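Student: Before I ask anything, here is the structure I am working with.
The values are calculated or read from the model by the stated rules, or taken from the named source; none is laboratory data. Fair warning: this is a prediction, and the values are worked out from it, not measured in the lab. Don't worry about glycine lacking a Cβ; one is built from the backbone with ideal geometry, like all the others, and counts go over all protein chains shown.
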Amino acid sequence: MDRDALAEFLVSRREQLRPADVGLGQGVRRRTPGLRREEVAQLAAMSTDYYARLEQRRGPQPSVQILASLARALRLTSDERDYLHRVSGHSAPDRTAFTDYVHPGMLRILDRLDDSPAFIVSVLDEVLVQNDAAKALLGDASGFEGLERSGIYRWFADPAGERHHYPDADHPQRSRVLVASLRSAYGALGERSRAGEIVRELIGRSEEFAALWQVHEVRRRFDDHKVLVHPAVGEIEVDCQALLTEDESQALVVLTAAPGSEAASKLELVRVLGTQRV
């Protein structure tokens, strides 16, 4: 671990970011350029003291998970993320298999989407980051760990906990779409990847999954229109738009409804209810 290089790099990246770059307000007049330490710590979901110690060359070696959070908070490019790992004493992550990194351009778009539920997902349906409106509608996905981070895995491994977001009549079609999407990811990432691990685990746990996996349907697309179920307001019909990264490894998904429609009113109510709970 090169403490000097790590500290200098963190300070440099922090000072080059503006609050607007990460979806923050300008606030009171700033005496220093860029973001404050506490703002970076908040974005990276860590304590301000821990982050400050890294910049002061006296912190412990950060874990790979901490580095992933910092790379996201500081909007690092792929090359900058690799450098961050190396000066911290870790190998650079495999770009074909490492899915926690979010492209800074996608994050900038997400930061500007306040009213509509929006989130960024990997090819394994792992929610990498979501806005408050998405959390209010679909729940906060940040607490899932391991294979449970994948919505595909949860759909089959824990049907009671995952499928309540969709009407019962839509479950069979949703199952087909998820398995076809996993088949696409499996082909791209290989059997030794996290996709392969999910497949092996689900074949032993879910007869429904095992049967659908044998169909060999391959498809990765997002439904243009879907019905979601919220416990407080009931069914909500939404349109679904997806913006893919150049390598199609991640997608920014935005859920909208026609202005003035009943669905739009329900989405606004869900957003307000979510804000009140926070």
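Student: Helices (runs of 4 or more DSSP H) wholly in segment 99-185 with at least 3 residues that are touching a Pro at 6+ places or on another chain (Cβ under 8 Å), of a type outside the set (Phe, Trp, Tyr) and at pLDDT below 90 - which ones?
Tutor: Values: elements: 104-111, 132-138, 151-157, 159-162.
In segment 99-185, no matching helices (runs of 4 or more DSSP H) lie anywhere.
Student: Then there is this: Please give the number of the condition Glu80 fails out of (1) in contact (Cβ under 8 Å) with a residue 40 or more places away in the chain; (2) part of a helix (DSSP H, G or I); (3) under 16 Å from the mean Cα position of the chain (by Cα).
Tutor: Glu80 satisfies every listed condition except (3).
Student: Within the bounds of segment 132-142, is there any residue that is surrounded by 15 or more Cβ atoms within 10 Å (Cβ to Cβ) and among the polar types (S, T, N, Q)?
Tutor: No, segment 132-142 has no match at all.
Student: Additional query: Go through (1) farther than 28 Å from Glu268 by Cα; (2) touching a residue at least 40 places away in the same chain (Cβ under 8 Å); (3) surrounded by fewer than 19 Cβ atoms within 10 Å (Cβ to Cβ) one by one and return the number of the condition Ser47 breaks.
Tutor: (2)
Student: Quick one: which residue in Ala73, Ala141, Ala68 is farther than 27 Å from Val199 by Cβ and either within 13 Å of the chain's Cα centre (by Cα) or outside the structural domain of Val254 (by TED's automatic domain parsing) (or both)?
Tutor: Working: Ala141 fails: farther than 27 Å from Val199 by Cβ; Ala68 fails: farther than 27 Å from Val199 by Cβ.
Going through Ala73, Ala141, Ala68 in turn, just one is farther than 27 Å from Val199 by Cβ and either within 13 Å of the chain's Cα centre (by Cα) or outside the structural domain of Val254 (by TED's automatic domain parsing) (or both): Ala73.
Student: For segment 42-64, enumerate the residues that are of a type in the set (A, V, I, L, M, F, W, C) and assigned to a loop (DSSP other than H, G, I, E, B).
Tutor: Of segment 42-64, the ones of a type in the set (A, V, I, L, M, F, W, C) are 43-46, 52, 54, 64.
The answer is Ala44, Ala45, Met46.
Student: Same structure, new question: Yes or no: Gly196 within 20 Å of the chain's Cα centre (by Cα), assigned to a helix (DSSP H, G or I) and over 27 Å from Gly105 (Cα atoms)?
Tutor: On the way: within 20 Å of the chain's Cα centre (by Cα): no; assigned to a helix (DSSP H, G or I): yes; over 27 Å from Gly105 (Cα atoms): yes.
Spelling it out, it is not the case that Gly196 is within 20 Å of the chain's Cα centre (by Cα), assigned to a helix (DSSP H, G or I) and over 27 Å from Gly105 (Cα atoms).
Student: When you check Leu67 against the structure, is it assigned to a helix (DSSP H, G or I), of a type outside the set (Val, Ile, Thr) and in contact (Cβ under 8 Å) with a residue 24 or more places away in the chain, yes or no?
Tutor: Working: assigned to a helix (DSSP H, G or I): yes; of a type outside the set (Val, Ile, Thr): yes; in contact (Cβ under 8 Å) with a residue 24 or more places away in the chain: no.
No; evaluated as a whole, the condition is false for this residue.
Student: Can you tell me which of Glu126, Glu145 is of a type in the set (Asp, Glu) and without any contact (Cβ under 8 Å) to a residue 12 or more places away in the chain?
Tutor: Values: Glu126 fails: without any contact (Cβ under 8 Å) to a residue 12 or more places away in the chain.
The conditions single out Glu145.
Student: In this structure, does Arg36 turn out to be surrounded by fewer than 17 Cβ atoms within 10 Å (Cβ to Cβ), over 30 Å from Gly187 (Cβ atoms) and not assigned by TED's automatic domain parsing to the domain that holds Glu8?
Tutor: no
Student: Could I ask something else about it? Tell me the residue from Ala210, Ala180, Ala232 that is under 23 Å from the mean Cα position of the chain (by Cα) and at negative phi, please.
Tutor: Testing whether each residue is under 23 Å from the mean Cα position of the chain (by Cα) and at negative phi leaves just Ala180.
Student: Does Arg220 satisfy being surrounded by 14 or more Cβ atoms within 10 Å (Cβ to Cβ), part of a loop (DSSP other than H, G, I, E, B) and out of contact with any Leu (no Cβ under 6 Å at 6 or more places or on another chain)? Let's see the steps before the verdict.
Tutor: Working: surrounded by 14 or more Cβ atoms within 10 Å (Cβ to Cβ): yes; part of a loop (DSSP other than H, G, I, E, B): yes; out of contact with any Leu (no Cβ under 6 Å at 6 or more places or on another chain): yes.
Against the criterion (surrounded by 14 or more Cβ atoms within 10 Å (Cβ to Cβ), part of a loop (DSSP other than H, G, I, E, B) and out of contact with any Leu (no Cβ under 6 Å at 6 or more places or on another chain)), Arg220 qualifies.
Student: Mind listing whichever residues of segment 245-278 are surrounded by fewer than 14 Cβ atoms within 10 Å (Cβ to Cβ) and within 24 Å of Ser122 (Cα to Cα)?
Tutor: If the condition is that a residue be surrounded by fewer than 14 Cβ atoms within 10 Å (Cβ to Cβ) and within 24 Å of Ser122 (Cα to Cα), then Glu246, Asp247, Glu248 are the ones that fit.
Student: Looking at (1) touching a Leu at 6+ places or on another chain (Cβ under 6 Å); (2) under 30 Å from Arg205 (Cβ atoms), find the lone condition where Leu128 falls short.
Tutor: Unmet condition: (1).
Student: What number of residues within segment 195-225 satisfy the criterion of being within 19 Å of Glu126 (Cα to Cα) and either modelled with pLDDT of 90 or more or not assigned by TED's automatic domain parsing to the domain that holds Leu244 (or both)?
Tutor: Here is the first cut: in segment 195-225, the residues within 19 Å of Glu126 (Cα to Cα) are 195-202, 209, 218-223.
Those left that are additionally either modelled with pLDDT of 90 or more or not assigned by TED's automatic domain parsing to the domain that holds Leu244 (or both): 195-202, 209.
Summing the residues that are within 19 Å of Glu126 (Cα to Cα) and either modelled with pLDDT of 90 or more or not assigned by TED's automatic domain parsing to the domain that holds Leu244 (or both) in segment 195-225 gives 9.
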